[in-house]
Structures are given as structure tokens and as C-alpha cells.
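Note sheet for the following structure.
Computed from the coordinates by the stated procedures, all read-outs in this text should not be read as laboratory data. Quick caveat, the model's predicted, so the values are computed rather than measured. Positions of Cβ are generated from backbone atoms using ideal geometry, with glycine treated the same way; all protein chains shown enter the neighbour counts.
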């Protein structure tokens, strides 16, 4: 009988360890950070700086060369948080006017899902999913939030002639805890713009430390304001590379990423922390011909070998840098070109965290846990629908893209094709050569998912943009 | 006295070892192989295949992200062989008509320089520096040659309607030994086009084996016909990736490179062999709109993150993949963005081989030996003149490019700027945003080298294109 009681004791210990072993989750989510920026994707030194911490991270994790997002800030964040196409949630575009927008409280966010599993959930950075009461991060599953409700294009507003008299409200950095109305901390202007990402990093590290002490699994969502315009590195990094502000900012991101990783090491939780490094959409490309940008402020974020920038349907908008590290669980140094989408992170992380994927609504994400863990070499995702705002621009299927509409930049000149264009992404990463003829068999295969998607939208009408709770 | 004689004996042994220790040199020189193709430059899997051997080579050697060439086949080969701008040698363009062209016998080639130092010199592949008696590789320093005098665009000729009756001679694969008139081996047609690179690899390996047995240092120059149009992988590789012919061809190159490296290992000379992997110029980009190419045969070689294809002045034409491996001498796994040019290989290899750099003519190349050996982090090259044919298209200086002329493809529509355009390559790898204003200080610094170059050309008038020996 003694043996049995020892066995029961062991079993209890095992169950307890397992309960404590819910993995921590950190998502570094950069803003308009192109595929071609990190050294691990062929950037780094050609952009004016080494990126040793990112590159080391890639060596320690799984790097995806075909990780896709939605092509604008708000849709991309919507899909990350919900595991659903942004169109379903009424978030297909960034908000341009001043109306209500964002996630309905009805949506179940990744933060809510993890919160239900006992996670401490902290968000530090840019939300862009609602700026009205009931739609802030701490209304949507986060225990605490420090950051900005909208985007960094608002940071220069108060420096512009005419703005003060416009009646448009000044943007504030805000903070709140779950259940609170967010408080205005300070104006988000050009004075604070270079400083904010430093604060986000510090607050994230403090949060992690607190949770480790409390023996609580944590979820840190860190949507940095870099590399969104205006390009203003922190004074610690400004001038550091000698190769210009973009290089300085890239080094800053590398440094902050390194600090986070070091902190996770110091806290002794590296082996039990899933660390994801990625971005919301392809790079900014602000040619100063098309806007009032000056030569000094023009931005040419790098999509690497792909065509296009944010707000297009091209691979440069869709593919962003992606590394996931989970020591001992996810194979170190592996690289894959399998198709994965940001919407897949919800069900995948739910699986890792023992969380629930909602079954009362459409979830478009695919559980990638077996793929991430290396139990299969296939992601299980054959493709997806490429939205640009409310328009279906293309269907991606395996190494093919079928384009119905195109635009070359965020500037909003859209071309509609009466006959869709087909690109072979292996042969033609720049999506230049329409090979619909003689490959007319490809649409026959590729369009099935569009058909399914359209049927699904009819069965489950999407939430309307600007719909109230 | 006994001690002295022992010392003399040691000295003799040392001298003898040193004599035997002239490093072997292998240059794999691909045709129209873009910066973005190898896995080590962000290609590989996104092009449809892993490139494990190239990637491993990069880990074992020094990888340069800013290794530059001339932007057409003939000029690039001219500059590699002579250490001089191609314009000096009358080889600024590929030959389009049927006249005399190529290197004058007066030129001193890399093969002649190494031959003078006791090297066995073998060339296997495409010459493109002369097709008339006295101008073949074995007239220019190579002990033996097997390959084609011109280029692979000639391989489909005999399949084309009207060619047989045109009077234009059929192209032959040729071979010769030093002092011989090359013999025609077989027609270079679409039957042999997919097979030739296999034969080049075999002949190169056989040559190396023979020299190792003879205890002779060897120089193998291996200008493959891949990846020049038409894209036809060897039957061993055709269909192997399942991702199309381009991917198959990329895997073939990887495989052949691996075979060469394995052979060097097997021969026991890896530590004493400088292995260079590079290409003649940026990728082919044959849009089927601009030519009679079909969708099936259109080629979109990848320049990676850079703009442009061959026959342009953009970085995509200038920067090619580059790795140099010399175990124990050149630091393994190092990457540098320092500017190096193909013309620098002549003086650099001369230094490594104990060879002579001619002092009776202008040599434009810079000795990179200290940089390659890691004794300095600076290449010592601040920039160079960018020729496109006989025209000076641009001046490259540090991370800046000043463009006087541009064209977007090989198709030959040239734009001349009455005011030059300036690009910052760190900020703007796609060379899109002209930042001449407010950076008008850059030309003041950048144009010094153009001034020196023009003075040098006046002092040393270049050989005229088509000039007889």
C-alpha cells in the first residue's frame, strides 16, 4: 500500500507541475516592419547595422519565410487577436475618419482566451482596435495596458500648423487596468515619439518579473510603435550606427529584443516561454512625390525579395519576419516556407496554453501546434484570401497568387482586372509576369477556398464597420 | 656546425613546403545568377528548394553582401580576368554582331599570372571573351579548356525556323590545350544545353585530381552556363524539387557545388584551396511582353532586396552572391557589407599565390588579401564607376549611388538625367527615392573617383572594341 500512496503522490506532483507549466507567451509585434529588415531575412548589414539578437533568436527558433498577415494595421491586429479574417469583425480597414471602430466586446480575443486559463495578460503598445469606452485593451482581456489607442501617424499632429484650431483631439498615451476607464498619461507627440518604445520594453519586463514572482503564467503582447513613421530612434540609439536613423532604429529594435530575451533568461523562464517575433504588415514606402514627405523623411522599408509595401496585395505586404522560439519544444534553427497566417496564432497558442477556441463563431485560423513542434513538416494551410480593405484583391494558393485587383502603394490607386492575373511565387517573387495562360488549371484549384469563404460569409454575415456594441 | 646544417635542412624543408603550399584556387562563376537565389542570401526555399551546400559553404567562409561586378557577361568576365575595368580592354559590351571581339593577347589574364607561378590552369565553361584564333582561353593562359566560346543564347539557334538558311554558323562546344587550335566537340544546341554543366563539373573534378596527383597547385575557373536562358536542368535534376525548373536548376547548382567541395575534401586539399562561389552579373529578367518569350520560358531571376536585373546600373545588376572559403585562413561564417569588386580578385589572388600584378598597365583592382584574411575590417575600396556598356551610368561611393543614366531592363531604353539622381543604399535599397536635395554634399565627395578615372582613361587610352591584336 505504501507503494501506491507514493505513486499517487508522484501523480499529484506531476499534475501540479503540469499546471504550473503553462508556457508563458511573448509576442513582439512590430509596426510596418518589412520582411527584408532583419539580418535573418537578408537585411541587417545591408540596411546599415548588424542585428545580432534577432539573428541569434532565429538560430534558436523556427523561422518562417511565408508567414502572412493582413495588409493594414487595424485588420492585422484584429485577425491576430481573434483568429478571424478582419472582415468578419468589421475591421477590414484602418479608421480614416473620427467615428467608432474596432473590436466589438462580443469578440473573444487571444487575451481573453488566455486570461480564462489563468494567464496574467499585459499589453504594452499600440492597440488600433478601438478608441471609445468599452473597446480599449483592458476591456478586451488584458489585465493591464500602457500605450496608444490608435497609431503613430497621430504623433506629429500637434506639431502641424492648423491642427490646434481644428477641433481634432490631441492623442494621448493611456494606461489602464482591467475594468478601469483608461487614464490619459501624456500627449503622444514628437517629444515622446522617440521615447515610447523604451518605456514599453521596461514595462513589459517589469510585468514579466512580477508574474514570475507570483508564479503566474504570463502573456505579454508588445506591439511596438517602431518602425512606423516618423522614424525617430531613442536618444540612446540616435546616431549609434553612423548609418542614419533607419539603421539606428533597426539596432534599437534589436537591442530591445535582446533585453527582453535577457530578462526572460534572468527570470529563469526561457525554457517555458514561447517567444514570437513578428510584425503587423509589410513595410511603409512613403515616396515624397506622392505625399508632402520630404527627402529626409521619405521611408523605404524593405520587403526583401518581395514586391510591394503595406496596403497592397503583394507578397511584400503579406509576408513579414517571423520567428517563434520555445527551447526544447520547437526545433532550433529550422526554417520553413510553409504558409502560415497571423490568424493561426489564436488556435495554436490556445492549444499550447490549454485554452479554448470559441465554437460559437467562425474561426479562420488553423492550429499550427503540430507544425510548430516539428511533428509534421506541413502547416496544413493551403492558402488564404488576400483582402486589401474591403476588397478581395487576391487568392493565395500554394505557390500561386491569383489577383483580381492590384495597387502599387498605400496611395490608393486601384486597378481592377476583368481577367485575373496569375503569378508563380517560386519563379516570380516580384509578381510581375502574369502566367494565367497557359496555367488556367490553377484558378480551378485555387478558387475553391474563395468559394468556401464567400459561402461562409453569407452564412455568417460579418459585423459591419463602425457597428456599435 | 651540426646545428647549422640541421637549421639549413629545416630551412630547405620549409622553403619546399612553402613552394608546395601555394593555395589551389577554384572559382565557380555562375551566369546571370541573382543575389537573391542562394539560401545564404535569403533565397533557397522561397525559390522552391533548399540550397544546403551553398549555405554550408557560407558558414565555412566569408560572405560578402556588397560584392560587385560589371553588369553584362563579357565586361564582367573581362574585368575578372584582367583586374581592369572592361572599358580599358575594349570589352564594355557583349558582342551583338558577328565581328571580332574579346581580350587582346596583350592582356595579362588571371590564368597567365597564375600559370607563371607554376599553377596548372583549367577552364571549364563559358568564355565570352573572343571566338577567333588567338583569343580562346588556351591562348590566354589556360592549360586546358572545355566549353563554349560565346554564350548560351546561341544554344536554341538551331531549333529556330530560318536559322539554318541564315548563314550564321552553328555554335560548337570546343576544347583545346595550350598552344592548340580549339577543336569542335559537338554542336551546342538544346539537346546538349541541359547536359553541359554536368560535364563541366566532371571535367573540373578530373582536372583537380590529376593536379593533386602531380603535386601541382591548380587554378580551376568554372564559368557554368547556369542560370542563363534557356532554363533547362539536367535530367538528374529535372522535376526533382516538384517546384518547377528554376528550383530544379537551383538545386542542381547546389548539388554540383557540393560535388566539387566533396572532391576537394576527398583529395585532401580542402585546407589549401581557396574556393570562390560567385556570378558574372545580376539576374536575367525576361518579361514576355518585351520579347517573344512565352509565359513558360519567361525568367524572373531574383535580385533579392535590390532593384533591377542585368544590363542596368542598379544594385540588382551589380551585387551578386559571393562566398570565399579558405579554411584556417579566412574566418568562417563572417559576413561583410564592405564594397569589393570582381576586378579586385586579380591582385588579391596574385597576393595569395605569390603572383605578379602587372606594372606596365593600369590595374583597377584593389588587393583585398588583408581584408579577406580578417586583418582589417575595411576592404579599402570606397566605390567604383558603374558602366552599362560604354556609358557611365553611375558612381557608387560608400552607401550612395549617383546616377547619370538609368535603364530598367536589358531591353535598352535609356534615360539620361540632366541632373543626376542620388540614392542612399542603406535607406533605399530599391533606389527609388532621389535624395540629391538636400544631400548635395555627396556628389562633391563621390565624384573624385570619377575625375580620377577619367584622367586615367585620358592618360591610358582604352583599347577599342573590336580592335585586332
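In terms of surrounding Cβ atoms within a 10 Å radius of their Cβ, B:463, A:27 rank from fewest to most as B:463, A:27.
Could you please rank B:402, A:457, placing first whichever residue has the fewest other Cβ atoms within 10 Å of its Cβ?
A:457, B:402
For the pair residue B:195 and residue B:21, a Förster radius of 41 Å applied to the C-beta separation gives a FRET efficiency near 0.65, rounded to the nearest 0.05. Of all beta bridges that DSSP places with both ends in the range B:22-372, some 40 percent have antiparallel geometry. Packing order of peptides B:426-436, B:249-259, A:366-376, highest average first: B:249-259, B:426-436, A:366-376 (average count of other Cβ atoms within 10 Å over each peptide's residues).
Each other copy places its own label point for residue B:170 at 8.4 nm from this one, sorted shortest first, where the point lies 7 Å along the Cα-to-beta carbon line.
Does chain B classify as rounded, prolate or oblate by the C-alpha gyration tensor (a ≥ b ≥ c root eigenvalues; a/c under 1.5 gives rounded; else a/b over b/c gives prolate, otherwise oblate)? Taking the square roots of the gyration eigenvalues as a ≥ b ≥ c, chain B is rounded.
Panel order for B:309, B:166, by other beta carbons found within 10 Å of each beta carbon, from fewest to most: B:166, B:309. How shielded is B:421-433 by partner chains, expressed as the average number of their Cβ atoms within 10 Å of its Cβ atoms? Rounded to a whole number, the mean comes out at 6. Between the range B:64-86 and the range B:156-171, what is the C-alpha centre distance in whole Å? Spelled out, the Cα-based centre of one part sits 31 Å from the other.
Rounded if a/c is under 1.5, else prolate if a/b is larger than b/c, else oblate: which is the range B:383-459, with a ≥ b ≥ c the root eigenvalues of its Cα gyration tensor? Spell out each step's value before the answer.
Numbers: a/c = 1.81, a/b = 1.08, b/c = 1.68.
Judged from the Cα gyration tensor, the range B:383-459 comes out oblate (a/c at least 1.5, b/c at or above a/b).
Using the Cβ-Cβ distance between residue A:238 and residue B:469 with R0 = 56 Å, the FRET efficiency computed as 1/(1 + (r/R0)^6) comes to roughly 0.40.
With label points defined 7 Å past Cα in the direction of Cβ, position residue A:461 shows copy-to-copy spacings of 8.4 nm, given to one decimal and shortest first. Nearest to the axis that brings chain A onto chain B is this chain A residue, judged by its Cβ, with the distance in whole Å: A:42, 2. In the protein assembly as shown, helical runs assigned H by DSSP with n ≥ 4 each contribute -39500 (n - 2.57); averaged across all residues and rounded to the nearest 500, the mean residue ellipticity at 222 nm is -8000 deg cm²/dmol. Gain on full extension, evaluated as 0.36 nm per residue between residue B:445 and residue B:184 minus their Cα-Cα distance, stands at 88.8 nm. Relative contact order of the range A:21-372, taken over Cα pairs closer than 8 Å and 6 or more residues apart, is 32 percent. With the label put 7 angstrom out from Cα along the Cα-to-Cβ vector, residue A:268 ends up 5.4 nm from the copy partners, going from closest to farthest.
What FRET efficiency do you get for residue B:416 and residue A:370 if R0 is 60 Å and r is their Cβ-Cβ distance, rounded to the nearest 0.05?
Computed FRET efficiency for residue B:416 and residue A:370 comes out at 0.55.
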